[in-house]
Amino acid sequence: MSEKEKKKNEEIRIGFFQCHCGVNIAGSVDVKEVVEYAKKLPNVVVAKDHMFLCSDPGRNLVKEAIKKYNLNRVVSSHCTPSLHQETFRTVLKEAGLNPFFHENVNSREHASWVHYRDKKKATDKVKVLVAGGIERVKHHKPIGTMRLKVKKSVLVIGGGPAGIQAALDLGKAGYKVYLVDRRPHLGGNMARLGKVFPTDDCPICILGKKFHELRQVKEIEVITYAEVKELSGYVGNYKVKIEKKPRYVDEEKCIGCLTCVSKCPVRVKSEWYEGMDVRPAIYINYPAQFPRIPVRDPEACINCGVCKKVCPADAIDFDQKPETIELEVGAIIVATGYEEWKPYAVEEYGYGKYKNVITQLELAQMLNPEGPTHGKPFKPSDARYDKKKRKLVIEGEPPKKYVFIHCVGSRDEKYFSYCSKICCMYSIKHAKMILMDVDPNAEIYLCYMDIRAFSKGYEEYYKQVQKLGARIVRGKPAEIREDPKTKKLYVKVEDTLLGKPIEIEADLVVLASTLRPSKGTKELADILRITTGEDGFLRELHPKVGPVDTVTAGIFIAGAASGPKDIPESVAQGSAAAARAMSLLGKGEVEIILNKAEVNQELCIGCGICETLCPYGAIKVHETHLGRKAKVSEVECQGCGACAGGCPTGAVMRRNYELDQMFAQIEGILRSAKEIFKDEPIVLAFACKQCAYAASEAAGTSRLEYPPNVFIIRIPCSGTIDIAHVLKAFKEGADVVYVGGCEPGSCAFVDGNLKAEKRIQFAKRLLDAIGIGGDRLEIFWIPAPESMKFAEVAKMMVERAKKLGPTPLRKAKAVKEVI
Amino acid sequence: MKLAFYLGCVIPAKLPNYELSARKVFEKLGVELVDMEDFICCGFPFELFNHETWLKMAAYNLALAEKQGLNIVTLCNGCANSLAHANKLLKEDSKKREEVNEFLKKYGLEFKGTIEVKHFIRVLYEDIGLDKIKENITKELSEFKLATHTGCHVVRPSEYMDSFDNPIKPTKLDELVNITKANNINYLTKNLCCGNTSRGLNDNVSIELLRRKMKDLSKHEVDALVTICPACYLQYEMGQLELKTKFKEVYNVPVVHYPQILGLAMGMSAKEVGLDMNKIKPKKIIEAFK
Amino acid sequence: MIAEEVSKISGENPFACFQCGDCTGSCPVSFAMDYGPRRMIHLIQLNLEEEVLKANTHWLCASCYNCTYRCPRNISFTRISYALRNISVKRGIYPNKTTKIFYEIFLDHMLKYGRFNEGIFVREFVAKGGKGLKELLRDINLGLKLWKKGKIPKDVDKIDKLDQIKKIYEACVKEEKEDKQ
Amino acid sequence: MKVGYYPGCSLKGMEDAYSISLISSFKVLGIELVEIEDWNCCGASVIPSYDYKFANALAARNLALAEEQNLRTIIAPCSECYNRLAYINYKMKNDAGYMEKMNKILSEAGLEYRGTVEVKHAVDFLVNDFGIDKIKEKVKNPINKKIASYYGCLFVRPREISVESAENPKTMDSLVEALGGTPVDYDGKTKCCGASLVVSNEKVGLQTIKNVLDSIKETEAEIIVTSCPLCHANLDTQQLTIEKEFKVNYMLPVMYFTQLLGLALGLSEREVALNKNLTYEVLKV
């Protein structure tokens, strides 16, 4: 150690504060012992404990200590950083220190809650973690902030109820809004329904009112039949490229008289009506659509030119070409909604094989007053296309006996394990519509597993359909048979409340199929650099406290794009996303904390590896007077650290996760662990804060026990991991090391997890080569909710450490120490 | 206070001790009972399978009392329930009322809806009041261990009885027993149905209910089980005799009517309240009140 | 605990079941069962061992895997059935004499020949009383037909390395004992 | 073309008609079957009921033998055998811990399995590996009849071992079509025949078989083809018992798909042991 460093070291004055958290920590950890231990560690000037450190008196204790003892570093030991790290950073700020001179030790989720049976071990573990924190905080550096000007305009993608609401809220507040929809009109799936629960009003009427408002607010620009193709820029200053598909009708000229539509001689299956009705080659989807401008389907069109001839406004233009629109916006709201899964795969129900097995969305089309039969359900086996009349003809009796099957594809491990949330309600709605409007004597069986009618007014809605005489059977049907002659269907189901299998005869079987994210959601997410979850829906930043935020600053989500939602919820989210966008853009500038990547110009050799690693294009190699050097765009950098982990010279670093800081923490933990845990195996884990660390928090909340000799270090993304971290850990005496990352496809930073996997695979070979053994290192995918898996992995790795025994390095050192 | 005394079918036939003690107690408390001369069955057994018949029968009795201009008091949970229910129904449903009055016309009667029907403990509790009863108590029963059984139909459905008592855990009878200073115990099966209504429909169920209660009570060694309903009383008293002869199970839990207990506290002798007529003799009590 | 025992043998998790009844509806023999697969799993969840082992359900399972194929929670009642039979056999519980005889002969063949000999089986099965007199009389005709068609083999089919089978069997039995300790 | 062959006990016993026709018809197609030396019984459904671990180890022994004898692909014509072998193979290949456990037991008998063998059902091998077109070329006597393919359970379930959907399988139908027949569609294709229930619980077993026969009878099929000795025995041998017990009349000839194949390829009835079927005489009528 040089003189300079020594001096610097002496100048470091650390305060340590241990929280009791009532009995949550103090109940199974001897806090006094921890405080005594911390007091003896070098550079610790003061160590104290408090019943509730996060309370006003607790925070004051820290603040006063900083002043009284002239502290320049603080380590606080309490709950997990995602709860109160920010609290204590603020305390430091208030006391005049840079907030990043703080380190958080997790003594609740990682010790007291998971080792509650063994007070001694829990206390020991906290001591080890504290030693790591104190060693680390010595190397902390101040991190600053910067201010950015932002554009007061917002792009809203998707014109369903959520998107429309967001656009209206923003437009009315004076923000420029671009409302883009892929379809030739707005309205989303809502416009396809006859009624909407729980008030049974007509969606077209509700939408009609909203469309009217949209026309009134001049700040809103509606762009239909268009898709987002490209995104660049950063929060507050996004540049978006949108491709507008040719409609072959001039939107400026068209007066919406629909003469062209009525004269077109062509008929093809209508996608809007799920193929149950036909439409012309130049068409509109529904009479009240907005904008009321037809679109020509060039594939169906026979180029007869009749439409051109009859158009009074001369609006039809067969030569239209795709058009690219470029927009500059401060924020983006994604409200791309859902689509219904076509359950061909659930073969036992015969969808696609038996004509009279349909989905609920298809039934919704039948029940729609504007639909093919104006609200009268029919058996598809009775339907025929009449060429002369050029329309659908129904021959035969209307259906009398219906069987509705809930949870088709949903809540099923073979297909989608999530609950589609609104199927119970729309099944009930359709039963109600049939019994009230179509045929009060219809026999309707609802085969359900659990009726989920939980929102305001929903239980009452459910009660109404019971009163109307729907027959409610608890059981998931096993199979459906069709009588090939009569086309009658026989549904076999165990009525679980009767406890015996029954067979129900039906004219029409309706499947409440799973709600899936709209087609193209993944592609759009990739363009916008936001993430999708395992279920394919867009991922919110936090399911509870960040439901409309995403990992990318300035991009928000609303409605069913992030998971099945009903209309009230979608509308609420539309407003919520609008409010989030306003709070971001309202002041005209934003403050960004620069806990991002940084390049040490001296060490950088300009190799450009970091450039290939960055998923955001935020780090680029430039020609400078010193040669080729990498440079970080701090506004675009999201702070995942993938670049730092892959830099061959250690020039690139992620602030607050710099090599010396990580090394110090590793060293601190392992030195103390060797001393306290002696001959027991020592396992070190690096956990991504998005998933594995969150799972460790959940394990704490659920009091899932695992061996105490697993020490967890929090990293922003598994992609932050550097082979150097791993080697350092083994050098300092870890017996087994593992990394916990997000499942492939769900990394918050696109693919940091896969980068980590590659590095770990390489490191394993390296360990094999140097005689430590590759099986001492692993990487696991531990999604945030899988606390059980977290505990299992921890147990397994300790078992492995026991089996493999101490590493040659640890053994050698032990021998050395004895000598 | 003057009340129409509705005895029902069972009491005159089987339980003179109940009638005797009730009359004595009311007399002492200054209540004048006017016997309903031409009363018929309250209709309770019919309510389960023939709604119209039940309503007509109950209405007949109600109209009879109405003619005398008196509120009805009954000694039986079933009668109280049936009559009060019919009374409430006819007061609210004009269509049913018309139908019934059509029928009553033949007998020169009419249902107008001017009277009330009460079980006698409700009269004691609401109209006479605990304070007034206390004034009449001369002997404390503190040396006796008693258990109460309120029964079902006097408390459920609660709306028929104007929510007189807690329908799940009734307490009013206990309060009435407690003023005698008797040692009123709490026991596990206190609110269990006596099972009498299942007699004839499913005897096994009925006996099982009885057995559960008796098994529980025999652990407590009570001096008497206090009932306020002829059906409950008979189920427990005759039922125990049945258990003894058919199943060789002996519990020996004496069963008494509430007015018998109250009568003793008011200074009457065991004989005066008809305790000698009880089949399973509450020996300790009889001994003390010779 | 029966649930634990079942899990251990079959590798299935009965607690994942949410009682939808798809299994019972799919089962071709549920009509003859005391409890359908769904209720059986519920009994296992509640650890009602006596009730579970008394039922005929697992003995009637024809191992068609229909329930397994359709289960939305990825539970195989077929494998749970096998586990329940394992447990029953260990406790000496059989649904009827026929099954007991059938199983014992099968295992015997396994250890004696390494293969199942249908020809000898029929003889042994009848000799041990596996068939009632009535069925026997009815089947005589069928037996004759089979014999005429040369479908009842006379030769014993036996493998060479029988000791391997025995060693495998012993290893399994040994593990079982160790597990218990 | 050479391929490993696991016949199973039934094909060596009562149902040798299956193995005779399999070998003879495959020979015409140029497929040579190499029997695994010293194979043992797969355990069927009985040993797993007795001792699950032992049963799995028995299946594993066969896999280890095949590996030892360098047979990369083995075909099992019996669905029960196929199911046992394929499932254990799947489990061992996909669960390293399980592989280790099984090998520990196998090592007692001096055996080891490394997971290099592929188990296939004879139908799957024929249709998907050998190829339907090559079969079509060799058909001499197209069987112009309505034919119900009966798949049974264990060839298509559970998911892990199935090559196609269990709700609506197609392989056998495509084979029937290639041989000139008209496949019929019916609900009972993969309904259970009751397996060995006919031994352990005769009443239920017979009822289950009857359900399958009823569902085939509705289709007016002229022939049933099977791909499993147990299904075959139930539908063929027990058909007579059911006719007697339930006072019904089916007259449905049952044959192995290999017998149908052999006939279409120009083999004689004797060469495919057709007369061994109990419903053989029905065919003549």
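What are the residues in the range A:345-373 that are of a type in the set (Asp, Glu) and farther than 18 Å from A:PRO398 by Cβ, if any?
Filtering the range A:345-373 for residues of a type in the set (Asp, Glu) gives A:347-348, A:362, A:370.
Once the filter is applied, which keeps residues that are of a type in the set (Asp, Glu) and farther than 18 Å from A:PRO398 by Cβ, the range A:345-373 yields A:GLU347, A:GLU348, A:GLU370.
Among the residues in the range C:82-96, are any more than 30 Å from C:CYS20 (Cα to Cα), more than 7 Å from every other protein chain (Cβ to nearest Cβ), assigned to a loop (DSSP other than H, G, I, E, B) and touching a helix residue (DSSP H, G or I) at 6+ places or on another chain (Cβ under 6 Å)?
At the first step, the residues of the range C:82-96 found to be more than 30 Å from C:CYS20 (Cα to Cα) are C:90-92, C:96.
In the following step, the residues that additionally are more than 7 Å from every other protein chain (Cβ to nearest Cβ) were identified as C:90-92, C:96.
Pick out the ones that are also assigned to a loop (DSSP other than H, G, I, E, B) and you get C:91-92, C:96.
Narrowing the set further to residues that are touching a helix residue (DSSP H, G or I) at 6+ places or on another chain (Cβ under 6 Å) leaves none.
No, every residue in the range C:82-96 fails to be more than 30 Å from C:CYS20 (Cα to Cα), more than 7 Å from every other protein chain (Cβ to nearest Cβ), assigned to a loop (DSSP other than H, G, I, E, B) and touching a helix residue (DSSP H, G or I) at 6+ places or on another chain (Cβ under 6 Å).
Name the strands (runs of 3 or more DSSP E) wholly inside the range A:392-504 in which the number of residues that are among the hydroxyl-bearing types (Ser, Thr, Tyr) is 2 or more.
The qualifying strands (runs of 3 or more DSSP E) are A:443-448.
Scan the range D:183-204 and give yes if some residue there is away from chain A (no Cβ under 14 Å), modelled with pLDDT of 95 or more and over 16 Å from the mean Cα position of the chain (by Cα), otherwise no. Walk me through it before giving the result.
Keep residues of the range D:183-204 that are away from chain A (no Cβ under 14 Å), which gives D:183, D:193-204.
Keeping just the survivors that are modelled with pLDDT of 95 or more gives D:183.
Restricting the remaining residues to those that are over 16 Å from the mean Cα position of the chain (by Cα) gives D:183.
Yes, that holds for at least one residue.
Working carefully through the options D:LEU235, D:LEU278, find the one that is part of a helix (DSSP H, G or I), in the same structural domain as D:ASN168 (by TED's automatic domain parsing) and among the hydrophobic types (A, V, I, L, M, F, W, C).
Details: D:LEU278 fails: part of a helix (DSSP H, G or I).
Among D:LEU235, D:LEU278, only D:LEU235 is part of a helix (DSSP H, G or I), in the same structural domain as D:ASN168 (by TED's automatic domain parsing) and among the hydrophobic types (A, V, I, L, M, F, W, C).
Step by step: first the residues of the range D:187-244, then only those that are polar (S, T, N, Q), open to solvent by 20 Å² or more (accessible area, probe 1.4 Å) and touching a residue at least 24 places away in the same chain (Cβ under 8 Å), then the one that is nearest to C:LYS134 (Cα to Cα). Which residue is that? Before you say what the answer is, go through the steps one by one.
Of the range D:187-244, the ones polar (S, T, N, Q) are D:190, D:196, D:200-201, D:207-208, D:211, D:215, D:219, D:226-227, D:234, D:237-239, D:241.
Then drop every residue that is not open to solvent by 20 Å² or more (accessible area, probe 1.4 Å), which leaves D:196, D:201, D:207, D:211, D:219, D:238.
After this cut, where a residue has to be touching a residue at least 24 places away in the same chain (Cβ under 8 Å) as well, the list is D:196, D:219, D:238.
Working: D:SER196: 20, D:THR219: 34, D:GLN238: 16 Å.
Restricting to residues being polar (S, T, N, Q), open to solvent by 20 Å² or more (accessible area, probe 1.4 Å) and touching a residue at least 24 places away in the same chain (Cβ under 8 Å), the top hit is D:GLN238.
Given the conditions (1) away from every other protein chain (no Cβ under 14 Å); (2) out of contact with any strand residue (DSSP E or B) (no Cβ under 9 Å at 6 or more places or on another chain), report the number of the one that A:GLY352 does not fulfil.
In the conditions (1) away from every other protein chain (no Cβ under 14 Å); (2) out of contact with any strand residue (DSSP E or B) (no Cβ under 9 Å at 6 or more places or on another chain), A:GLY352 misses (1) alone.
Within the range D:248-257, identify whether any single residue is part of a helix (DSSP H, G or I) and within 19 Å of the chain's Cα centre (by Cα), and answer yes or no.
To start, the set of residues in the range D:248-257 that are part of a helix (DSSP H, G or I) comprises D:257.
In the following step, the residues that additionally are within 19 Å of the chain's Cα centre (by Cα) were identified as D:257.
Checked against the condition, which is being part of a helix (DSSP H, G or I) and within 19 Å of the chain's Cα centre (by Cα), the range D:248-257 yields at least one hit.
Residue by residue, here is whether (1) in contact with a Pro (Cβ under 8 Å, 6 or more places away or on another chain); (2) open to solvent by less than 10 Å² (accessible area, probe 1.4 Å); (3) within 11 Å of chain C (Cβ to nearest Cβ) holds:
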position: D:GLU35; (1), (2), (3): yes, no, no
position: D:ALA44; (1), (2), (3): no, no, yes
position: D:ASP51; (1), (2), (3): no, no, yes
position: D:ALA57; (1), (2), (3): no, yes, yes
position: D:ARG61; (1), (2), (3): no, yes, yes
position: D:ALA66; (1), (2), (3): no, yes, no
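Restricting the range C:24-34 to residues that are under 17 Å from the mean Cα position of the chain (by Cα) and either within 10 Å of chain A (Cβ to nearest Cβ) or among the hydrophobic types (A, V, I, L, M, F, W, C) (or both), which is surrounded by the most Cβ atoms within 10 Å (Cβ to Cβ)?
To start, the set of residues in the range C:24-34 that are under 17 Å from the mean Cα position of the chain (by Cα) comprises C:27-30, C:32-34.
Okay, now just the ones that are also either within 10 Å of chain A (Cβ to nearest Cβ) or among the hydrophobic types (A, V, I, L, M, F, W, C) (or both), so C:27, C:29-30, C:32-33.
Values: C:CYS27: 27, C:VAL29: 23, C:SER30: 24, C:ALA32: 17, C:MET33: 20.
Filtering first and then ranking leaves C:CYS27.
Within the range C:1-23, count every residue that is open to solvent by less than 20 Å² (accessible area, probe 1.4 Å) and without any contact (Cβ under 8 Å) to a residue 40 or more places away in the chain.
Number of matching residues: 1.
Matching residues to (1) within 14 Å of another protein chain (Cβ to nearest Cβ); (2) surrounded by 15 or more Cβ atoms within 10 Å (Cβ to Cβ); (3) touching an Asp or Glu at 6+ places or on another chain (Cβ under 9 Å):
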residue	(1), (2), (3)
D:ALA96	yes, no, no
D:GLU100	yes, no, no
D:ALA122	no, yes, no
D:ILE135	no, yes, no
D:ALA148	no, yes, yes
D:LEU154	yes, yes, yes
D:ARG157	yes, yes, no
D:SER165	yes, yes, yes
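Restricting the search to the range B:1-48, which residues are on the phi > 0 side of the Ramachandran plot and surrounded by 21 or more Cβ atoms within 10 Å (Cβ to Cβ)?
Once the filter is applied, which keeps residues that are on the phi > 0 side of the Ramachandran plot and surrounded by 21 or more Cβ atoms within 10 Å (Cβ to Cβ), the range B:1-48 yields B:GLY8, B:GLY43.
Identify, from the list A:ALA664, A:ALA699, A:ALA695, the residue that is in a helix (DSSP H, G or I), over 27 Å from A:ALA553 (Cα atoms) and within 23 Å of the chain's Cα centre (by Cα). It would help to see each step written out before you state the result.
Numbers: A:ALA664 fails: within 23 Å of the chain's Cα centre (by Cα); A:ALA695 fails: over 27 Å from A:ALA553 (Cα atoms).
Selected residue: A:ALA699, the only one of A:ALA664, A:ALA699, A:ALA695 that is in a helix (DSSP H, G or I), over 27 Å from A:ALA553 (Cα atoms) and within 23 Å of the chain's Cα centre (by Cα).
State the number of residues belonging to the range A:431-456 that are under 31 Å from the mean Cα position of the chain (by Cα) and open to solvent by less than 10 Å² (accessible area, probe 1.4 Å). Give the derivation first.
As a first pass, look at the range A:431-456 and keep what is under 31 Å from the mean Cα position of the chain (by Cα): A:448-456.
Narrowing the set further to residues that are open to solvent by less than 10 Å² (accessible area, probe 1.4 Å) leaves A:449.
Going through the range A:431-456 one residue at a time, the tally reaches 1.
Show the residue pairs that are 6+ apart or on different chains and have beta-carbon atoms under 6 Å apart, the first residue being within the range A:497-517 and within 14 Å of chain C (Cβ to nearest Cβ) and without any contact (Cβ under 8 Å) to a residue 60 or more places away in the chain, the second being among the basic types (Lys, Arg) and open to solvent by 10 Å² or more (accessible area, probe 1.4 Å).
Within 6 Å, the pairs are A:LEU497/A:ARG474; A:GLU503/A:LYS492.
Is it true that some residue in the range C:29-40 is out of contact with any Gly (no Cβ under 7 Å at 6 or more places or on another chain), free of Cβ contacts under 8 Å to residues at least 60 places away in the same chain, assigned to a helix (DSSP H, G or I) and charged (D, E, K, R)?
no
Specify which of the listed residues (B:GLU140, B:GLU135, B:GLU126, B:GLU159) is among the acidic types (Asp, Glu) and either under 25 Å from B:VAL222 (Cβ atoms) or open to solvent by less than 10 Å² (accessible area, probe 1.4 Å) (or both).
Numbers: B:GLU135 fails: either under 25 Å from B:VAL222 (Cβ atoms) or open to solvent by less than 10 Å² (accessible area, probe 1.4 Å) (or both); B:GLU126 fails: either under 25 Å from B:VAL222 (Cβ atoms) or open to solvent by less than 10 Å² (accessible area, probe 1.4 Å) (or both); B:GLU159 fails: either under 25 Å from B:VAL222 (Cβ atoms) or open to solvent by less than 10 Å² (accessible area, probe 1.4 Å) (or both).
Of the residues listed, the single one that is among the acidic types (Asp, Glu) and either under 25 Å from B:VAL222 (Cβ atoms) or open to solvent by less than 10 Å² (accessible area, probe 1.4 Å) (or both) is B:GLU140.
If I go through the range D:102-119 residue by residue, how many of them are open to solvent by 30 Å² or more (accessible area, probe 1.4 Å) and on the phi < 0 side of the Ramachandran plot?
Residues of the range D:102-119 open to solvent by 30 Å² or more (accessible area, probe 1.4 Å): D:104, D:107-108, D:110, D:112, D:114, D:116, D:118.
Okay, now just the ones that are also on the phi < 0 side of the Ramachandran plot, so D:104, D:107-108, D:112, D:114, D:116, D:118.
Going through the range D:102-119 one residue at a time, the tally reaches 7.
Just the residues that are closer than 20 Å to B:PRO45 by Cβ and not in a helix (DSSP H, G or I), please, taken from the range B:201-219.
Selection gives B:LEU201, B:ASN202.
Within the range A:551-560, which residues are β-branched (Val, Ile, Thr) and either open to solvent by 10 Å² or more (accessible area, probe 1.4 Å) or farther than 20 Å from A:CYS717 by Cβ (or both)? I'd like the intermediate steps shown before the answer.
Of the residues in the range A:551-560, the ones β-branched (Val, Ile, Thr) are A:551-552, A:555, A:557.
Correct list: A:VAL551, A:ILE557.
So how many residues does the range C:146-171 have that are within 11 Å of D:ALA109 (Cβ to Cβ) and either open to solvent by 40 Å² or more (accessible area, probe 1.4 Å) or at the interface with chain D (Cβ under 7 Å from one of its Cβ atoms) (or both)?
Taking the range C:146-171 and keeping what is within 11 Å of D:ALA109 (Cβ to Cβ), we get C:161-171.
Pick out the ones that are also either open to solvent by 40 Å² or more (accessible area, probe 1.4 Å) or at the interface with chain D (Cβ under 7 Å from one of its Cβ atoms) (or both) and you get C:161, C:163-171.
So the count comes out to 10.
State which residue is farthest from D:TYR256 (Cα to Cα) when the search covers only the range D:56-115 and only residues that are part of a helix (DSSP H, G or I) and of a type in the set (Ser, Thr, Tyr).
Within the range D:56-115, the subset part of a helix (DSSP H, G or I) is D:56-68, D:79-94, D:96-108.
Next, only the ones that are of a type in the set (Ser, Thr, Tyr) stay: D:79, D:82, D:87, D:90, D:98, D:107.
Numbers: D:SER79: 12, D:TYR82: 16, D:TYR87: 24, D:TYR90: 27, D:TYR98: 35, D:SER107: 38 Å.
Out of the qualifying residues, it is D:SER107.
The values are calculated or read from the model by the stated rules, or taken from the named source; none is laboratory data. From a predicted model like this one, the values you see are computed outputs, not experimental measurements. No Cβ is skipped: glycine too gets one built from the backbone with ideal geometry, and neighbour counts run over all protein chains shown. For the accessible areas, the whole protein counts, side chains as well, though only heavy atoms, and no ligand, DNA or RNA atoms are used. Shrake-Rupley method; radii C 1.70, N 1.55, O 1.52, S 1.80 Å.
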